[in-house]
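Here the structure is laid out as structure tokens; the discussion comes afterwards.
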Amino acid sequence: MLIKLINPNTTTSMTELMGETARKVAAPSSEIVLATSRSGAASIEGHYDEALSVIDEITNGKPADAYVIGCFGDPGLLAAREITASPVLGIAEAAMHAATFVATSFSIVTTLERTRIISEHLVRNYGMQHHCRRVRATDVPVLELEELGSKADATILAECEKALIEDRAEAIVLGCAGMSNLVERLQQRLGVPVIDGVAAAVKVAEAIVGMGLRTSKVGDLAYPLPEAYAGKLAEYAPAHLKLRETSFPALATAVRG
């Protein structure tokens, strides 16, 4: 099984960090292929950053059995699901669902205040209001998670401890892919399940592919209509995308024209 893990930002060191997490939990039969966005922001910390560019990494290169979008905002998730029949997992959605399997409540600990608001939108979109006690921002910039000597780890731990006491949360969901290497340390200190979305998405992807499920191409997630695009986005016109080979060949052929 080939799973492509896409880092939507352009920071390759963060891609490698996520890759370590993914390969640690992946089944021996799964191959994890890493991809770093070729264009976009160094870190995704707002709606504008999110608008750029998961699509490139799905439409280019060897088709994968499943894709994982390695950003807790789940940027471009529905668009990605439109252009391939292979399952596409967002790490926020996967992490929240995983948390509900091991606890009746959880809090999310994320990075900046503005990403807290994005996470709150996702909680509502995914129907998790009855499970998520609170989304907590640490005001730690994403790239600071990689800096030697940074106080990021201590700040995140302190916020997790507050979540257990003040929110009465029974589990912690880490609200950034760059936190994936903190799971074991936090779990030991906190004594509750700590869920990283990268690991959760990889395991859910394996399960969905193992069940023989594909993304529905009837209705909302059908292939994009083959309309013309103009200007700088012309190369992203659906008719030009290299759509994945699917178990729905008639639909794929219709979109290719």
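With a Förster radius of 22 Å applied to the C-beta separation of R185 and N125, the computed FRET efficiency comes to 0.15.
Working from label points 7 Å from Cα in the Cα-to-Cβ sense, the R23 to S216 distance is 3.7 nm.
For K232, the lysines whose Cα comes closer than 24 Å to its Cα, not counting residues fewer than 8 places off in the same chain, are K242. A DSSP coil position with no more than 10 other Cβ atoms inside 10 Å describes none of the trypsin sites (Lys or Arg not before Pro) in segment 69-177. Remark: segment 92-196 carries a charge dipole of roughly 320 debye about the Cα centre, counting +1 on each Lys and Arg Cβ and -1 on each Asp and Glu Cβ. Debye-formula intensities of segment 92-196, expressed as log10 I(q)/I(0) at q = 0.13, 0.18, 0.19 Å⁻¹, are -0.39, -0.77, -0.86 (one equal scatterer per alpha-carbon, no solvent). Take the Cβ atoms of A230 and N60, set R0 to 25 Å, and the FRET efficiency comes out at 0.70. Close amide H partners of V135, meaning residues 5 or more places away or on another chain with modelled amide H under 5 Å apart, are I108.
Listed by chain and number, the lysines whose alpha-carbon sits under 25 Å from that of K151, ignoring those within fewer than 8 places in the same chain, are K162. Using a cut-off of 24 Å between alpha-carbon atoms, which lysines can reach K203, once sequence neighbours fewer than 8 places away in the same chain are excluded? Partners found: K4, K24, K62, K217.
Throughout, read-outs are computed from the coordinates displayed, never taken from laboratory work. These numbers come from a predicted model, not from an experiment. Cβ atoms come from the backbone with ideal geometry, glycine included; neighbour counts cover every protein chain shown.
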